[in-house]
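Structure first, then comments.
Every read-out reported here was derived from the displayed coordinates using simple, explicitly stated rules and does not represent laboratory data. In this text the structure is predicted, and so the values were computed from the model without any measurement. Using ideal geometry, Cβ is built from the backbone for each residue, glycine included, and neighbour counts are taken over all protein chains shown.
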C-alpha cells in the first residue's frame, strides 16, 4: 500500500467506529446485568465483561492483534535500526497480550506462583487471583523498558505520541489499578453494585486504551511513510502540515 493512500481522516473515522463498538459492548454488559442471568443466560454469557471467551473478550484480543500488526508495519517504515528493534519488540508484546487476553495465561501463572512459590497467607486466602503481585514484578520491567523505547521512537511524531501516551495510561489504569480494587468487592453481596461499576470501568478503560494505542500506531506509521516519501523526493503531503 502506498503511503499516499492513508489519510488522517481515515484513522479518525476508524477510531470513532471502534469507540462506538466499545460503547455498544459496555451497554450490552449493562443490560445483561440489569436483566440478570436467570432471565437471559445467553445475553449474560455473550456480553458480560466479567466472563471470558465471549464477544467483548475476543474483541479486545483482536484489537491487540491488530496493534501487533501496526507495530510491525512501523518497524518496516522506520529508518533507524534501534527503532526497528523497538517496534518489532512491541509487535511481539502486543501479540502476547492478545493471546493472553483470550486465554488468560497470566491467571494460570498467577495461580501456580501463589500456590507453589510465594505461598503468602493473604494470597492463599484471596478470592481472586492477584496476578499484579505475583506475575507483575516479572512483567513490569519489560513493560517499562518497552514504553521508554517507544517514547524515544516516536519523537517528532507528536500526534502519535499523544495517542500512544493516553492509550497506555488508560490501559495501565484498567489492568493494574482498577483491577486491584475488585479484591474487597469480590463475593460481597452488599457491594455488588460497586463490583459491577469496577468491572464496567476496568474493561472500558482497557478497550478505549487499546483503541487509542491503535490510532497512535497508525498515525506514527503515516508519519514514517511521509518521511520516507520526502526522502525519496515525493511532494510533501498536507498531512505533515497538521501537527507533525
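Neighbour counts of C-beta atoms inside 10 Å place 99, 67, 20 in the sequence 20, 99, 67, starting with the fewest. Each peptide among 41-54, 164-177 gets the average number of other Cβ atoms lying within 10 Å of its residues, and from highest to lowest they stand as 164-177, 41-54. Extents of the range 43-110, largest first, come to 48, 26, 10 Å (Cα atoms, principal axes, whole angstrom). Going from the fewest other Cβ atoms within 10 Å to the most, the residues 74, 208 appear in the order 208, 74.
For the range 18-177, the Kirkwood estimate of hydrodynamic radius, built from reciprocal distances between every pair of different alpha carbons, is 17.8 Å. Restricting the calculation to Cα atoms, the range 6-56 shows an Rg/Rh of 1.19 when the hydrodynamic-style radius is the Kirkwood one. In this simple spin-label model, placing a label point 7 Å from the Cα along the Cα-to-Cβ direction at both residue 193 and residue 16 gives a separation of 3.6 nm.
Dividing the Cα radius of gyration by the Kirkwood radius, what Rg/Rh value follows for the range 27-77?
Values: Rg = 15.7 Å, Rh = 12.4 Å.
Ratio of gyration radius to Kirkwood radius: 1.27.
Only Cα pairs under 8 Å and at least 6 apart count here; give the relative contact order of the range 17-97 as a rounded whole percent. List each step's numbers first, then the result.
Details: 68 pairs, mean separation 16.3, N = 81.
Relative CO of the range 17-97 lands at 20 percent.
Among 75, 24, the ranking by other beta carbons within 10 Å of each residue's beta carbon, starting with the fewest, stands as 24, 75. Distance between the modelled labels on residue 82 and residue 103, one decimal in nanometres: 3.4 nm (7 Å Cα→Cβ projection).
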